[in-house]
Every structure is written in C-alpha cells, then in structure tokens.
Amino acid sequence: MSLDLLLAASPALDGRVATSFGQAPGCRVVRRCVDLADLLAVAAAGVGDVAVVTGDLRGLDRTALGDLAGAGLAVVGVHGPGDEEQERRLRQLGLTTVVAADASAEDAGTAAERAERPSPVVGRRPGHGGSESPAAGAPRSRIRPLAHLDGRDDPGDPDLDGPGDASAAGPEDEPGSAEDLPVPAAPAETTAGDDDAEASRALVAVWGPAGAPGRTTVAVNLAVELARTTGSALLVDADTYGASVAQSLSLLDEAPGLAAAARASEQGTLDLPALARLAPEAMPGLRVLTGLPKPERWPELRQPAVEHVLDLARQLARFVVVDCGFSLEDDEELSYDTRAPRRNATTLVALEAADEVVAVGSADPVGLQRLVRGLQELGEVPTVSPQPRVVVTKVRAAAVGSRPEHQVREALGRFAGIPDPWLVPDDRAVLDAAMLRGRALAEHAPGSAAAKALAALAADLAGEDGPATRRRSRRGLTRWARA
C-alpha cells in the first residue's frame with residue numbers, strides 16, 4: 001500500500017523535491033500545492049497521508065505544522081543541499097524527519113515512511129473540534145463536585161472571543177542574537193542518573209477567578225521565594241487580559257517577553273539561548289518573561305508556540321511560575337476553526353502543562369463565591385496536576401467577621417470540599433509599600449506576615465524540610481506566620 005504525498009515547496013526547490021519523492025518507492029504524489037494555503041486546504045479536506053514541506057516555504061510556522069498534524073498528516077521537512085540553517089529551523093519547528101532536497105529516491109521514501117506528526121494544536125477540550133490536547137488522557141484535577149454558595153447551579157453564558165490578526169512586531173520585540181549569553185546547561189536527553197534532577201523541575205500555574213484576588217502578587221512572590229530557596233526560577237506573565245508582572249517588579253513593559261518568544265517559536269528560531277535573552281534576570285536566580293504590553297496583542301500568543309515556550313522554560317529554570325489569566329472559557333464556535341486564535345488558550349495550555357496549580361481567591365463574600373465557582377470550572381480542565389493548592393488572600397475580620405481564618409475554612413470546606421487552604425493575612429500597608437517600590441515582599445519586608453505565609457507555600461512547593469513546611473494545624477498558617 002503506497003503513501004499519498006502532498007508536496008509544498010518553494011520555487012527554488014520544487015523541481016528537486018518533486019523528482020526525489022515522485023520516484024520514491026512506496027510513495028505516490030497526489031498533489032503539488034502551489035503554496036501553504038493550498039496545502040492546508042487540501043489537508044483539511046482529508047487528502048493525503050504525508051505532507052512534504054521545504055524550510056523556505058513562505059508562511060511555514062509552528063501553527064501551520066500543528067494544523068497539518070490535526071488533519072492527520074505526518075510531515076517531512078526538506079532543506080536545501082548543505083543549508084544547515086534551514087535544517088536547524090525545521091528541527092526547531094518540531095519536525096523529527098528532515099532530509100536534503102538532493103536526497104535519493106530511496107532516502108526520500110524512507111523519510112516518508114518514518115515521518116511523524118508534529119505537535120498538534122493544543123488547548124482544545126475533547127468534543128470541541130480540532131485536535132485533542134496531549135494531556136487529554138491525563139488525570140483531571142481531583143476536585144469534588146461543588147455546590148454554589150447560593151445553592152443554585154448557574155453556569156452563566158460564556159463570552160465569545162473574536163478572532164484577530166497578530167499585531168505587527170516592533171523592533172523592540174525582536175529576539176536578536178544570544179550567542180554570548182550564559183545559559184544553564186540542559187541536556188537534550190535524560191539518562192538514568194538525571195532522573196532525580198528532571199523530577200525536581202516543575203511548572204507551577206497560578207490561577208484565580210475574575211476580580212482581583214491577588215494572582216500576580218502570589219505568582220511574583222512565589223517565584224521570588226522559589227528562586228531564593230532553589231537558586232533557579234522563571235516567572236512567566238501569561239495573563240492576556242491585564243499583564244502586570246513587569247510593573248510589579250519595576251521592569252520596562254516595552255521589553256521583549258512572552259510575545260517575542262512566541263513569535264520566535266512560530267518561526268523556528270527559538271532555542272534555549274534565545275529564551276534566556278528574552279527572560280533576563282530580575283534578581284539573582286530569578287528570570288522574568290514579561291507579558292503583553294497591550295492586551296489587544298493577545299492573538300500573537302498562538303497555542304503551539306506557547307506550549308513550546310513553556311517546554312523550553314522547564315529547561316531554563318528548576319521552577320517555572322506562570323501567572324495565568326482568569327478566564328477558562330473555551331469558545332466552542334472558534335474551536336471548530338483550527339486557524340482561529342483564542343484569547344484563553346494561553347491560560348488553558350499553562351494549566352494543562354502544569355505540575356502544580358495554585359488557585360487564588362480573596363477572603364470576602366464575593367471573592368469566596370467566585371473562588372468556589374471557579375474551582376468547579378478548574379476541575380473541568382484536563383491537567384496532570386493533583387488537586388490544586390488553594391490560597392486565600394486578604395484574610396481580615398472586617399470582610400468575613402470575627403475569627404476570619406475559621407470563617408474562611410468553614411466556607412471552603414462546606415462548599416468546595418477544601419478543609420485546609422493556605423491563608424495569607426491582609427498585610428495591606430506592607431503590600432502597598434512593596435508595590436510602590438516595585439519590589440517583592442522578600443526584598444521589602446521579609447518579616448511581614450504575608451511574606452512569611454507565601455514563603456511557607458513556596459517551601460512546600462519546593463519540597464523543603466523544616467518548620468516552614470510542616471503540616472499545618474487546624475488553626476492554620478496565619479497563626480504560624482504571625483508567631
């Protein structure tokens with residue numbers, strides 16, 4: 001049984017590619033596509049088994065390869081004879097089978113037989129069209145079914161995210177060269193002796209419902225504490241609605257960040273040194289990948305590119321802390337169009353890839369209700385993480401009554417099945433002063449109650465032994481932090 005091939009080559013290589021693969025044993029060229037759009041249209045129609053693309057094909061990027069994989073095609077990359085740069089770009093786009101344009105017919109046939117599918121477009125929930133996420137078969141968050149605080153089930157109406165075109169990249173966002181930048185060593189292959197080191201790496205997604213529960217404050221200070229504890233952390237601002245990590249740490253919001261890394265990934269030019277350059281050290285041991293300077297630029301964060309950035313981020317630091325957006329809506333209408341970007345895909349990809357999820361809510365009646373409902377939505381997101389660590393910020397008697405710690409635990413235990421959340425006291429004066437100076441709590445007031453609470457959470461995530469990570473009593477972390 002022969003393989004049906006779809007060819008899409010640049011004019012410079014079209015003749016050689018057609019000759020090599022047209023004569024390959026066990027292969028049959030069923031379509032020579034004029035450009036990438038033609039190739040994607042034919043693939044979407046269910047034609048062909050293997051797509052053959054050249055590295056200089058106009059418009060070829062990671063999203064296009066993901067769409068080909070979603071259509072069920074394996075992909076072979078072809079580069080010009082002796083063109084090492086083009087070969088490297090194809091491999092960085094995720095292609096595992098790459099041959100030269102002057103390869104023999106036998107080699108071309110072997111490549112077509114061994115071709116694999118690139119990583120498909122991720123972040124789609126089963127049943128919503130497109131390819132399922134690789135994590136779709138992984139255990140979901142083990143959250144018990146929740147009752148709403150008012151006792152009624154009110155899923156609400158999801159807002160539809162409209163498709164958009166990526167904004168033009170400015171000169172300040174170009175990745176540039178990073179040849180001289182020192183980068184932590186990260187072996188491409190893990191041997192048996194490296195299992196412990198690889199197991200200690202973790203991606204922590206910090207999420208919270210709508211409002212201002214303190215997601216960014218928790219994410220920033222967790223990353224700082226993890227950097228101080230382990231010596232290596234990377235903070236990623238993935239909030240597509242209101243990125244604010246740069247302002248929290250007094251970093252220039254015009255600096256290249258996640259958007260530049262995603263564009264470099266799309267074009268196949270992102271590697272570990274380039275990511276290290278885009279995520280400079282804000283303090284010893286802590287790198288920061290800033291977020292979108294303008295919320296309307298969210299279409300630049302394509303799903304496959306964000307997944308690739310997070311995969312590389314794991315190699316750059318021991319702990320990767322991702323500040324996520326609040327919305328978990330997966331637009332069903334846009335899900336059927338594999339080419340349409342979706343605003344919440346960045347958050348969904350981060351949660352699905354996370355080893356640990358930190359869910360943040362605020363200690364007031366509205367904040368707790370949103371947290372309970374948000375945890376129910378979070379339980380529907382496929383993730384490899386166990387039950388999330390629930391953090392309640394701004395714990396104060398003025399908002400929930402006397403004995404605020406007891407009141408918060410009772411509410412979450414009753415309505416969300418969370419008996420022992422992490423509590424962060426409302427240290428408003430200290431937090432305001434730290435924000436005014438653009439500093440983390442560990443820098444501004446390491447002895448404050450809020451700083452101690454978040455440091456204990458970071459120590460628990462890092463698996464550090466000692467009094468900071470001993471199991472909390474029913475009286476809670478707040479009492480320990482003030483001691």
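Brief remarks follow.
- Residues of the stretch 59-90 classified as β-branched (Val, Ile, Thr) and in a helix (DSSP H, G or I), total: 1
- Those residues of the stretch 1-25 which are without any contact (Cβ under 8 Å) to a residue 60 or more places away in the chain and of a type in the set (D, E, K, R), in sequence order: Asp4, Asp14
- Restricting attention to the stretch 420-437, the residues being open to solvent by less than 10 Å² (accessible area, probe 1.4 Å) and either aromatic (Phe, Trp, Tyr) or out of contact with any Lys or Arg (no Cβ under 9 Å at 6 or more places or on another chain) (or both) number 1.
- In the stretch 389-417, the residues that are within 21 Å of Ala219 (Cβ to Cβ) form Cβ pairs under 6 Å with partners that are part of a strand (DSSP E or B) and β-branched (Val, Ile, Thr), at six or more places apart or across chains, as follows: Arg389/Val358; Val391/Val358; Val391/Val360; Thr393/Val424; Val408/Val392.
- Taken over the stretch 211-242, the criterion of being closer than 21 Å to Ala451 by Cβ, open to solvent by 10 Å² or more (accessible area, probe 1.4 Å) and not in a helix (DSSP H, G or I) is satisfied by Ala212, Gly214, Gly231, Ser232.
- The residue that is nearest to Gly214 (Cα to Cα), counting only those in the stretch 355-404 that are of a type in the set (Gly, Ala, Ser) and assigned to a helix (DSSP H, G or I), is Gly367.
- When Leu292, Leu334, Leu301 are checked against the criterion of being within 15 Å of Thr216 (Cβ to Cβ) and either at pLDDT below 95 or within 14 Å of the chain's Cα centre (by Cα) (or both), Leu292 stands alone in meeting it.
- Residue in the stretch 441-456 that is open to solvent by less than 30 Å² (accessible area, probe 1.4 Å), more than 23 Å from Ala227 (Cα to Cα) and of a type outside the set (A, V, I, L, M, F, W, C) present: no
- Identity of the residue in the stretch 243-255, part of a helix (DSSP H, G or I) and of a type in the set (A, V, I, L, M), that ends up nearest to the chain's Cα centre (by Cα): Val245
- Yes/no for Arg370 being closer than 27 Å to Trp298 by Cβ, open to solvent by 20 Å² or more (accessible area, probe 1.4 Å) and either in contact with a Pro (Cβ under 9 Å, 6 or more places away or on another chain) or modelled with pLDDT under 95 (or both): yes
- Looking across the stretch 315-330 at every residue that is charged (D, E, K, R) and farther than 16 Å from Leu454 by Cα, the one that is modelled with the lowest pLDDT is identified as Asp330.
- Those residues of the stretch 243-277 which are touching a strand residue (DSSP E or B) at 6+ places or on another chain (Cβ under 7 Å) and open to solvent by 10 Å² or more (accessible area, probe 1.4 Å), in sequence order: Ala243, Leu249, Leu251
- Taking strands (runs of 3 or more DSSP E) as the structural unit, no element lying wholly within the stretch 1-58 holds at least 3 residues that are touching a His at 6+ places or on another chain (Cβ under 9 Å) and modelled with pLDDT of 95 or more.
- Near pairs, Cβ below 8 angstrom, 6+ apart or cross-chain, from the stretch 31-45 (under 17 Å from Val17 (Cβ atoms) and open to solvent by 70 Å² or more (accessible area, probe 1.4 Å)) to any residue that is of a type outside the set (A, V, I, L, M, F, W, C) and in a helix (DSSP H, G or I): Arg32/Asp14
The values are calculated or read from the model by the stated rules, or taken from the named source; none is laboratory data. Worth saying up front: this structure is predicted, and the values here are computed from it rather than measured. Positions of Cβ are generated from backbone atoms using ideal geometry, with glycine treated the same way; all protein chains shown enter the neighbour counts. Calculation scope for accessible area: heavy atoms of the full protein, side chains included, ligands and nucleic acids excluded. Shrake-Rupley method; radii C 1.70, N 1.55, O 1.52, S 1.80 Å.
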